[in-house]
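Following: one structure in structure tokens, then a few remarks.
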Amino acid sequence: LPILGERGTGKELVARFCHDCGPRREKPFVTLNCAAFNDDLLCSELFGHEEGAFTGAKKGGKIGLFELANHGTIFLDEIGDISNSVQVRLLRVLENKEVMRVGGDRIVPVDVRVISSTHKDLTGEVRAGRFRKDLYYRLAVLRLGLPPLRRRWEDVPDLLAPLLRQYRKAPACLTPGMRERIKSHTWPGNIREFNSLMESY
């Protein structure tokens, strides 16, 4: 399940909701921002590594997120940013339902539901040769698009109410003029920007 949308539209919240409402809800839900790591560290985070697998490898090795999420869900944020070599390894895990730690020689079976997200147009990335077609079709059994906040003005009252409660602010603190400014702003940071404003107001 790839969740498509601009940054800050709440893709991780939707992924968490999908997990919490599904049959794996009692099992782990783990997340990883794929754009935050280079290839070596990303493979180590996803698949784990054995002691001495590379310079700086953790003593005793490290379990990967696929093993941690066994029987649960792994949410891969910004999957459109991973390199071809990592895409190949990820595809193998999805097809064979097994992982091998970096520097290891033991196969570990895993049963994990993968939810991914990206702000990129994955079909365009496939056409450009930057994202593997076979991996895309593995992930894109069901696609979910999240519109940006500027196209969801009807959601603003529903977003305001819980944020005001969360930050212990009275609804009256927002004057009609402020509400109009909120509505006229384009919100390039989407819900994340909206949340930060309400927290700091």
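General observations
- Qualifying positions in segment 35-67 - within 22 Å of Asp81 (Cβ to Cβ) and among the hydroxyl-bearing types (Ser, Thr, Tyr): Ser44
- Among the residues of segment 70-81, the one identified as in a loop (DSSP other than H, G, I, E, B), open to solvent by less than 30 Å² (accessible area, probe 1.4 Å) and either touching an Asp or Glu at 6+ places or on another chain (Cβ under 8 Å) or closer than 14 Å to Leu46 by Cβ (or both) is Glu78.
- Output for segment 145-157, where each listed residue is without any contact (Cβ under 8 Å) to a residue 40 or more places away in the chain, in a loop (DSSP other than H, G, I, E, B) and hydrophobic (A, V, I, L, M, F, W, C): none
- Remark: pairs (first residue in segment 175-201, within 13 Å of Arg7 (Cα to Cα) and modelled with pLDDT under 80; second residue of a type in the set (Gly, Ala, Ser) and in a helix (DSSP H, G or I); Cβ separation under 6 Å; 6+ apart in sequence or on different chains) are absent.
- Any hit, segment 96-115, residues being open to solvent by less than 30 Å² (accessible area, probe 1.4 Å), closer than 18 Å to Thr9 by Cα and either among the charged types (D, E, K, R) or not in a helix (DSSP H, G or I) (or both): yes
- Hey, Glu67 of a type in the set (Asp, Glu), over 25 Å from Tyr136 (Cβ atoms) and open to solvent by 10 Å² or more (accessible area, probe 1.4 Å) or not: no
- Under the condition of being in a loop (DSSP other than H, G, I, E, B) and surrounded by fewer than 17 Cβ atoms within 10 Å (Cβ to Cβ), the residues counted in segment 120-131 number 5.
- Residue within segment 131-146 that is farther than 22 Å from Ala15 by Cβ and at pLDDT 90 or above present: yes
- Summed over segment 31-45, the residues that are more than 25 Å from Pro148 (Cα to Cα) and either surrounded by fewer than 18 Cβ atoms within 10 Å (Cβ to Cβ) or without any contact (Cβ under 8 Å) to a residue 24 or more places away in the chain (or both) give a count of 6.
- Single match in Leu164, Leu160, Leu142 (criterion: open to solvent by 40 Å² or more (accessible area, probe 1.4 Å), in contact (Cβ under 8 Å) with a residue 12 or more places away in the chain and either farther than 30 Å from Ser83 by Cα or not in a helix (DSSP H, G or I) (or both)): Leu142
- So Glu193, is it among the acidic types (Asp, Glu), closer than 25 Å to Thr118 by Cβ and in a helix (DSSP H, G or I): yes
- When Asn84 is tested against (1) open to solvent by 70 Å² or more (accessible area, probe 1.4 Å); (2) of a type outside the set (A, V, I, L, M); (3) modelled with pLDDT under 95, exactly one condition is not met: (3).
- Residues in segment 1-43 that are out of contact with any helix residue (DSSP H, G or I) (no Cβ under 6 Å at 6 or more places or on another chain) and of a type in the set (Ser, Thr, Tyr): Thr31 only.
The values are calculated or read from the model by the stated rules, or taken from the named source; none is laboratory data. What you see is a predicted model; the values in this text were computed from it and never measured. Counting neighbours? That spans all protein chains shown, and the Cβs are built from the backbone with ideal geometry, glycine included. These area figures cover heavy atoms from the full protein model, side chains too; ligands, DNA and RNA do not enter into them. Shrake-Rupley method; radii C 1.70, N 1.55, O 1.52, S 1.80 Å.
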